[in-house]
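Chemist: Take this structure, written in structure tokens, and hold onto it; I'll ask about it next.
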Amino acid sequence: MFKTFNNTLDLLRVSWRLLNTNRTLLVLPAISGVVTILILLLSAGVLSAGGAFDTTATGEPTFRAADYLMFALIYFVLSFTVIYFNAALVAGANDVLEGREATLQGSLDAAYAQLPTIFGWACFVTTVGLIIDRIRAGGGVFQVVSWILDAIWAYATYFVVPVLVIEGVSPFDALRRSTSLFHDTWGKQLVANFGFGLAYLALAFFVIVPVVIAFMAAPALGIVAVLVYGLPALIGGVLVLYTMEGIFRTALYRFATTGEASGGFSERMMRGAYVKKEDRGTNW
């Protein structure tokens, strides 16, 4: 357990150091977040004007075929936006890991160079996402099936964006390549030893606890705490961790393809990020 925890701290420290010396990378997920919010607000306005949120006398939504098509289009636009800026982040992180300075223009240009494949991958992601959502809507056992499918999909697509950006292959080739890289390097049965999830939980704790204490003291003080501390800390923390995770994922991809660690990460860190289930006892 201590080896796992120490490895997690080491990975976080190296990711933070790389980010701290290349803060331009923070701009990419920030732009992605702003664009995503604008898309959601615009979409909500269009759907509301079209009556998509109207309900019947029984409270049931009155979705029409056109509304479902609009939902699918919004899903695609959001997917494309996230993938595009993730691709730019990967390009910038790859520059950093190769010892070059990452620039905003260079990162965006690298993503733009792969625009057709990013578009194709966004179409594929949207289709799979909508299918899984429909399965989940069945409730009961279908929800369990959707959770399993989500996990398999996350495993299979872990390296897709780095492969698209760095290798410049087609979306389907990128999916096959991503699955193969993860399988060959860490095995089929995986238990994550890396703790970005723990880092996000820690962030939530340090944001929520002070806000709750402020609300317990006085509702007005709680509102001030949310506006002055809670929201800025949460947004800033998520932005930093998301960028650090992008750097780490790119480093993992480079390790999976070359067998060599880079950017200050060691081979021990890379191999300890994920372990085979049957080897779990040797790391815990």
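A quick yes/no check of all residues on (1) hydrophobic (A, V, I, L, M, F, W, C); (2) more than 24 Å from Arg13 (Cα to Cα); (3) touching a Lys or Arg at 6+ places or on another chain (Cβ under 9 Å):
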residue: Phe196; (1), (2), (3): yes, no, no
residue: Leu201; (1), (2), (3): yes, no, no
residue: Val207; (1), (2), (3): yes, no, no
residue: Val211; (1), (2), (3): yes, yes, no
residue: Leu221; (1), (2), (3): yes, yes, no
residue: Leu234; (1), (2), (3): yes, no, no
residue: Tyr242; (1), (2), (3): no, no, no
residue: Thr250; (1), (2), (3): no, no, no
residue: Gly264; (1), (2), (3): no, no, yes
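Chemist: Restricting to segment 90-106, and then to whatever is part of a loop (DSSP other than H, G, I, E, B) and in contact with a helix residue (DSSP H, G or I) (Cβ under 8 Å, 6 or more places away or on another chain), can you tell me which residue is surrounded by the most Cβ atoms within 10 Å (Cβ to Cβ)? Quick ask: steps written out before the conclusion?
Modeler: Looking only at segment 90-106, we keep the residues that are part of a loop (DSSP other than H, G, I, E, B), and these are 98-103.
Adding the requirement that they be in contact with a helix residue (DSSP H, G or I) (Cβ under 8 Å, 6 or more places away or on another chain) leaves 101-103.
Numbers: Glu101: 11, Ala102: 25, Thr103: 13.
Filtering segment 90-106 for residues that are part of a loop (DSSP other than H, G, I, E, B) and in contact with a helix residue (DSSP H, G or I) (Cβ under 8 Å, 6 or more places away or on another chain), the one surrounded by the most Cβ atoms within 10 Å (Cβ to Cβ) comes out as Ala102.
Chemist: Here is a follow-up. Of the conditions (1) closer than 30 Å to Ser266 by Cβ; (2) touching a Leu at 6+ places or on another chain (Cβ under 8 Å); (3) without any contact (Cβ under 8 Å) to a residue 60 or more places away in the chain, Arg13 satisfies every one except a single condition; which number is it?
Modeler: Just one mismatch for Arg13, condition (2).
Chemist: If I ask for residues that are assigned to a loop (DSSP other than H, G, I, E, B) and touching a residue at least 40 places away in the same chain (Cβ under 8 Å), which ones from segment 107-149 would you list?
Modeler: Scanning segment 107-149 gives a single hit, Gln114.
Chemist: Just checking, which of Ala52, Ala44, Ala57 is at pLDDT below 95, aliphatic (A, V, I, L, M) and touching a strand residue (DSSP E or B) at 6+ places or on another chain (Cβ under 9 Å)? If you could, list the steps in order and put the result at the bottom.
Modeler: Details: Ala44 fails: touching a strand residue (DSSP E or B) at 6+ places or on another chain (Cβ under 9 Å); Ala57 fails: touching a strand residue (DSSP E or B) at 6+ places or on another chain (Cβ under 9 Å).
The conditions single out Ala52.
Chemist: So which pairs qualify, if the first residue must be in segment 153-166 and in contact (Cβ under 8 Å) with a residue 12 or more places away in the chain, the second must be surrounded by fewer than 19 Cβ atoms within 10 Å (Cβ to Cβ) and outside any helix (DSSP H, G or I), the Cβ gap must be under 8 Å, and the two must be at least 6 apart or on different chains?
Modeler: Matching pairs, first to second residue: Tyr155/Leu190; Val163/Val169.
Chemist: Conditions: (1) over 25 Å from Val128 (Cβ atoms); (2) modelled with pLDDT under 90. Thr185 meets all but one. Number of the miss?
Modeler: The number of the failed condition is (1).
The values are calculated or read from the model by the stated rules, or taken from the named source; none is laboratory data. For clarity, every value in this text was computed on a predicted model and none was experimentally measured. Counting neighbours? That spans all protein chains shown, and the Cβs are built from the backbone with ideal geometry, glycine included.
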